[in-house]
1. In Å, the Kirkwood hydrodynamic radius of region 6-56 over pairs of distinct alpha carbons?
2. How big is the gap, in Å, between the Cα center of region 11-64 and the Cα center of region 69-106?
3. Using 1/(1 + (r/R0)^6) with R0 = 30 angstrom and r between the beta carbons of V80 and D59, what's the FRET efficiency to the nearest 0.05?
4. Sort the chain into rounded, prolate or oblate with this rule: let a ≥ b ≥ c be the square roots of the eigenvalues of the Cα gyration tensor; rounded if a/c is under 1.5, and if a/c is not under 1.5, prolate when a/b is larger than b/c, oblate otherwise.
5. Taking other Cβ within 10 Å of each residue's Cβ, how do S56, S75 sort, fewest first?
6. Ratio of region 55-99's C-alpha Rg to 2.2 N^0.38 Å, to two decimals?
7. Using Cα pairs closer than 8 Å and at least 6 residues apart in sequence, work out the relative contact order for the chain, in percent.
8. Would you order F25, F67 from fewest to most other beta-carbon atoms within 10 Å of each residue's own beta-carbon?
Amino acid sequence: TYVVTENCIKCKYTDCVEVCPVDCFHEGPNMLVIDPEECIDCTLCEPECPAEAILSEDDLPEGQEHFLELNEELSQDWPVLTEKKEPPEDADDWDGKPGKLDMLER
Ligand code: F3S
C-alpha cells in the first residue's frame, strides 16, 4: 500500500486524488490520507504529489513508519476526496518544513 506522510500536513496539494483509480484518498482539515484497505498499489499517485509526501509502505523513512497506522486510522473517520481543490494559500511555505506532525488537525 501507499502512505501519505508528514510533508502533506499543511501542504495538501490534492493532485494525488485526481489519479487514484479506486478513490482511496480521505480528507482531513489539513492533510489527506490513503485507506490501506482500498489502495491497490497502482503507484500512480506517488509522482503526482508536489511535496513528495506519498511513499510506498516499503519505503517509509525512519521515524515515519507510524504513518501507515495513522493513514489506516484517520481514513476511517475522514470523507473521501476525489476532486482536486485549491491548496492552502501558504502551502508552498510549509513544503519541507520539519515537525509538522504536531500541527496535524483531526
Ligand atoms: Fe498531500 Fe501531496 Fe496529495 S501534499 S494532498 S499527498 S498531492
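Just so it is clear, none of the values below were taken in a lab; they were calculated from the coordinates. The structure displayed is predicted, hence computed values, not measured ones. So basically every Cβ, Gly included, is an ideal-geometry build from the backbone, and we count neighbours across all protein chains shown.
1. Numbers: mean 1/r = 0.0919 Å⁻¹.
Across region 6-56, the inverse of the average 1/r is 10.9 Å.
2. 10
3. Working: r = 25 Å, r/R0 = 0.82.
So, using R0 = 30 Å, E works out to roughly 0.75.
4. Numbers: a/c = 1.34, a/b = 1.13, b/c = 1.18.
The shape class here is rounded.
5. Numbers: S56 13, S75 24.
In increasing order of surrounding Cβ atoms, one gets S56, S75.
6. On the way: Rg = 13.4 Å, N = 45, 2.2 N^0.38 = 9.3 Å.
Taking N as the residue count of region 55-99, the ratio is 1.43.
7. Details: 199 pairs, mean separation 47.8, N = 106.
Taking the mean separation of contacting Cα pairs over the length of the chain, I get 45 percent.
8. If I rank by nearby Cβ atoms, fewest first, I get F67, F25.
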